[in-house]
Amino acid sequence: MVSYKDLGLVNTRDMFAKAIKGGYAIPAFNFNNMEQMQAIISACVECSSPVILQVSSGARKYANQTLLRYMAQGAVEYAKELGKNIPISLHLDHGNSFELCKSCIDMGFSSVMIDGSALPYDENVALTKKVVEYAHQFDVTVEGELGVLAGVEDEVSSEHSHYTDPADVEDFVKKTGVDSLAISIGTSHGANKFKPEQCTRNAEGILLPPPLRFDILKEIEKRIPGFPIVLHGSSSVPQEYVKIINTHGGALKDAVGIPEEQLREAAKSAVCKINIDSDGRLAMTAAVRKVFVEHPAEFDPRKYLGPARDELKKLYIHKCENVLGSAGKAE
Ligand code: G3H
Ligand code: 13P
Ligand code: ZN
């Protein structure tokens, strides 16, 4: 049993309290490898932002849970070496069982998500409560979820989203004791968040997605005032990356995300954690494809993963400064 406190990590409680008060959101960036971790930490140190390092089930399968945990421990030291002791949480993204959450808690994660959103309501309550009871013994914070996002939620796939029903949130939070709640108000996972027929097109033919359901968010905030809300599926799918990818041998069709102004708006409310993974994937892919096309003789991984890491860092600084408003909040 390892406590995250001995690793220099923090849970999300303080981060969220400050974020709600300050009208900003904490970035939750997924990582699966060293370059992503370096980009996240160097970006957040440079702009002085607290950060949540997220590990999904897919990341565990790809990179190994133990290695990722040691990388997060290394991230704390790396941040100090770069000159700033920013608050860093290590969070399990979309945990789908009590056993998985327990295993992460036991090996030093400071926060876990138990995603029971696809279960019947009572089963979601029971599973979430069980995780909370275990996690809170070690001062680990827990994120639950109500409502189903469209797209793919790890192994849970759903054709259509089910918006969170504001009538459920008070009961869910009270019965489970969760520390934060992920809700569904129109975001979704991946780089194709909406079908073209759900969107309108602007003069340049760019797809414009339907707006987020701020009315549902407001209603939820009314029912659980000051309670930390989480938005998953919050990549904006920058069209400049899509263009670079498609002009350098890629084939992304109808890729569309959540406009950044809407996320900025959400961050001013009780939304205090915003999950971004796909935008990072697009930034890396665009940079790697560019190197491959422009320097076809290159075969040193550092020569394409290096530029990918630089592009990622730029993207994360932009998110903290201009979208989430978390830059400067680690002071
Ligand atoms: O919510 C999903 C995250 O983007 C993680 O995706 O399961 O492919 O690692 P993944
Ligand atoms: P995106 O696919 O929009 O980046 O969402 C990531 C996410 O919600 C991770 O849990
Ligand atoms: Zn998610």
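A compact table of results
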{"quantity": "Residue tally, condition of a type in the set (Val, Ile, Thr) and surrounded by 12 or more Cβ atoms within 10 Å (Cβ to Cβ), over the range 192-211", "calculated": "1"}
{"quantity": "Residue match in the range 189-206 (condition: without any contact (Cβ under 8 Å) to a residue 24 or more places away in the chain and of a type in the set (Lys, Arg))", "calculated": "yes"}
{"quantity": "Residue list for the range 174-210, filter: within 15 Å of ligand 2 (Cβ to nearest atom) and on the phi > 0 side of the Ramachandran plot", "calculated": "186, 190"}
{"quantity": "Matching residues, the range 156-185, being within 22 Å of residue 52 (Cβ to Cβ) and at pLDDT below 95", "calculated": "156"}
{"quantity": "Qualifying residue in the range 21-33 (condition: closer than 27 Å to residue 260 by Cα, in contact with an Asp or Glu (Cβ under 8 Å, 6 or more places away or on another chain) and in a helix (DSSP H, G or I))", "calculated": "no"}
{"quantity": "Residue within the range 79-92 that is surrounded by 21 or more Cβ atoms within 10 Å (Cβ to Cβ), part of a helix (DSSP H, G or I), within 13 Å of ligand 1 (Cβ to nearest atom) and not charged (D, E, K, R) present", "calculated": "no"}
{"quantity": "Residue ID - nearest to ligand 2 (Cβ to nearest atom), chosen from residues in the range 51-67 that are within 14 Å of residue 34 (Cα to Cα) and buried (at least 24 other Cβ atoms within 10 Å of the Cβ)", "calculated": "54"}
{"quantity": "Candidates 117, 97, 103 - the one that is surrounded by fewer than 16 Cβ atoms within 10 Å (Cβ to Cβ) and more than 23 Å from residue 43 (Cβ to Cβ)", "calculated": "97"}
{"quantity": "Residue within the range 218-229 that is within 17 Å of the chain's Cα centre (by Cα) and within 16 Å of ligand 2 (Cβ to nearest atom) present", "calculated": "yes"}
{"quantity": "Complete set of residues in the range 192-249 that are assigned to a loop (DSSP other than H, G, I, E, B) and either within 16 Å of ligand 3 (Cβ to nearest atom) or β-branched (Val, Ile, Thr) (or both)", "calculated": "193, 206, 212, 224, 228, 232, 233, 234, 235, 236, 237"}
{"quantity": "Among (1) away from ligand 2 (no atom under 16 Å from the Cβ); (2) more than 21 Å from residue 32 (Cβ to Cβ); (3) in a helix (DSSP H, G or I); (4) among the small types (Gly, Ala, Ser) - the single one residue 266 does not satisfy", "calculated": "(1)"}
{"quantity": "Boolean, residue 288 is surrounded by fewer than 22 Cβ atoms within 10 Å (Cβ to Cβ), touching a His at 6+ places or on another chain (Cβ under 8 Å) and either in contact (Cβ under 8 Å) with a residue 40 or more places away in the chain or outside any strand (DSSP E or B) (or both)", "calculated": "no"}
{"quantity": "In the range 81-100, residue farthest from ligand 3 (Cβ to nearest atom) [restricted to those that are farther than 13 Å from residue 51 by Cα and touching a residue at least 40 places away in the same chain (Cβ under 8 Å)]", "calculated": "82"}
{"quantity": "Residues located in the range 180-191, provided they are outside any loop (DSSP other than H, G, I, E, B) and within 13 Å of ligand 1 (Cβ to nearest atom)", "calculated": "182, 188"}
{"quantity": "Hits in the range 1-46 (condition: out of contact with any Cys (no Cβ under 9 Å at 6 or more places or on another chain), β-branched (Val, Ile, Thr) and either over 19 Å from residue 306 (Cβ atoms) or away from ligand 1 (no atom under 16 Å from the Cβ) (or both))", "calculated": "2, 10, 41, 45"}
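Condition check ((1) within 16 Å of ligand 1 (Cβ to nearest atom); (2) surrounded by fewer than 17 Cβ atoms within 10 Å (Cβ to Cβ)) across all residues:
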{"position": "272", "(1), (2)": "no, no"}
{"position": "277", "(1), (2)": "yes, no"}
{"position": "280", "(1), (2)": "yes, no"}
{"position": "283", "(1), (2)": "yes, no"}
{"position": "302", "(1), (2)": "no, yes"}
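The values are calculated or read from the model by the stated rules, or taken from the named source; none is laboratory data. This structure is a prediction, so every number in the text was calculated from the model and none was measured. Cβ sites come from the backbone with ideal geometry, for glycine too, and all protein chains shown count toward neighbours.
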